[in-house]
Amino acid sequence: MKQASKHPRRWRIALFVGIPLLVLAIATLTLMFVASHSASDKELSVEPKEIPSSWIVPSSSTQTGSVVGTDADEVLLTDQLASPVERTMSGALIIIGNGKQFGEESYELQISNDNGVHMTSRGTFSFKVILAKVTAAFSQDVSLDGELRPDRYTLEINGPLGIGNRRIEGVVVGNVARLTSGDKQDEIHIGTSHPLVLGTFSTYTLIPVLFSLLEGKGTVEFQVIPLMRGRGKEDDAGKTDQPILLSVTRAGDALIKTGTGEVVVDKYILASSIGNSTLLAKDDEFLALVASSGDGSLIAYRSDYFPDGIILP
């Protein structure tokens, strides 16, 4: 993986300063002195899901594909759902940067017409320090009210030996989101756009759900509530009180290949002042997030549907 210190912007293309990589990087440096006691590599339990046969397009022609492990442009699929009053969606993600896996996450969404949306997730991010692999675990809880506005959220990070531990809590009161991290507090004023909490990669699974529920036909604009704001010198120098706006545009369909055939998926373009990325879904279920620039590439995809990776057209 390329060194990220000179190009911190590349990770923000897809992750709005969500998981505090800065905190984990500091923990990594500290762990250079205690690397022999690094956390275990225990993996999350992922139950594979069968791709619905209704998704598969009868094969008329085949193309040579490759399994994702490097740059990507388009990918994936998942469950076609009706619109019951209440339902649960769950999945597992693999996160790859510049061709190397550095994270995994499992999540569950509970959706109710009366009570809004409740999302929980857990996962790990890993960093290599000298000859040791250092793993930090995290858990997340995000709640949206009946009007699909965030009302509370929590992100907890646990580093090996307690180094880099962080708990971030937020609550929305009226048009103000109050964020607390240790002894630091922050406020984000919510404007007229739909507020959207972005933390770890699983929070992007909310986007196709909200797009559908908000009856978005072309474009929906969200105001981002990041679970972690930059605190470094570069971030302080460029800090602004201007809201982070994320424009989500339905951009037609994308045809992707799987091991059993071709599937037509829904394509969304995510655009903001930080950068652009592509989100792929099937109806309101998230399948993949893909971002690339001259500095590198990043992809988060559904490993429960694609345990062997994503096959590109």
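Some points to look at:
- Per-residue 3J(HN,Hα) values for the stretch 166-176, derived from phi via the Karplus relation 6.51 cos²θ - 1.76 cosθ + 1.60 with θ = phi - 60°, read 7, 10, 10, 10, x, 8, 9, 10, x, 9, 10 Hz in sequence order (x marks Gly and Pro).
- Residue pairs exceeding 26 angstrom between C-alpha atoms, taken from LYS49/LYS128; LYS217/LYS282; LYS49/LYS267; LYS133/LYS282; LYS49/LYS133; LYS49/LYS217: LYS49/LYS128; LYS133/LYS282; LYS49/LYS133; LYS49/LYS217.
- In this calculation the C-beta distance from ASP295 to LEU131 is compared with R0 = 25 Å, giving a FRET efficiency of 0.40.
- The label point for ASP253 and the one for ARG87, both projected 7 Å from the Cα toward the Cβ, are 1.9 nm apart.
- Residues whose placed amide H lies under 5 Å from that of VAL57, excluding near-sequence neighbours: GLU262, VAL263, VAL264
- Additional length obtainable on full extension of the chain from ASN115 to ASN175, 0.36 nm per residue less Cα span: 19.6 nm
- Cα centroid separation, the stretch 252-306 to the stretch 97-120 (Å): 15
- Prolate/oblate/rounded label for the stretch 272-311 (Cα gyration tensor, a/c 1.5): oblate
- Here the gap between SER139 and GLU187, fully extended at 0.36 nm per residue and compared with their Cα-Cα distance, gives a gain of 15.0 nm.
- Dividing the convex hull volume of the alpha carbon atoms of the stretch 94-226 by its residue count gives 126 Å³ per residue.
None of the figures in this text is laboratory data; all of them are computed from the coordinates on show. It should be emphasised that the depicted structure is a prediction, and the values quoted were computed from it without experimental measurement. Note that each Cβ is placed from the backbone with ideal geometry, even for glycine, and that neighbours are counted across all protein chains shown.
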